[in-house]
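Report on one structure; see the data block that follows.
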Amino acid sequence: MLRITDDIGIEDWELTEQFVRASGPGGQNVNKVASAVELRFEAARSPNLPGPVKTRLKRLAGRRWTRDGAVIIQCDETRSQVRNREIARERLTELIRQATKRPKRRIATRPTLGAKKRRLKAKKVRGEVKALRGRVEGDD
């Protein structure tokens, strides 16, 4: 079981790992060893995640969220399969932790009278500068 918070934990059946060959440099070793990990979490079917957390997770995951409601995290940072597995699990944990945080409601505010006056004064000054540009009438 992967513990996210005190009240949220992910069961082992919800996670599937697939090991693939990593891309990039690595010499002869890169063609023999499947060190990159692809961690798949069935988020939409998970009974341990509350509904609002699932919707926030879907937004946070972006293109890592599949059509069938799974989050796929890939990691090929190190040459060690075990370390890549740990990194992928840490990333998933952090992503779900971010989804558990409820965003603050934005309180609509209005600009102060001073701010309005400063804005209008700046616009007037800018307009005067632009008005001074143009063809110069010379004494011929």
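Any read-out appearing in this document is the output of simple, stated calculations on the displayed coordinates, not a laboratory observation. If you're wondering where the values come from, they're calculated on a predicted model, not measured in any experiment. Glycine also receives a Cβ, built like all others from the backbone with ideal geometry; neighbour counts cover every protein chain displayed.
Tabulated values for the structure
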read-out	value
Residue within segment 100-113 that is in contact (Cβ under 8 Å) with a residue 12 or more places away in the chain, among the polar types (S, T, N, Q) and out of contact with any Leu (no Cβ under 8 Å at 6 or more places or on another chain) present	yes
So residue 74, is it within 15 Å of the chain's Cα centre (by Cα) and over 25 Å from residue 20 (Cα atoms)	no
Residue check, residue 118 out of contact with any Lys or Arg (no Cβ under 7 Å at 6 or more places or on another chain), more than 14 Å from residue 2 (Cβ to Cβ) and among the basic types (Lys, Arg)	yes
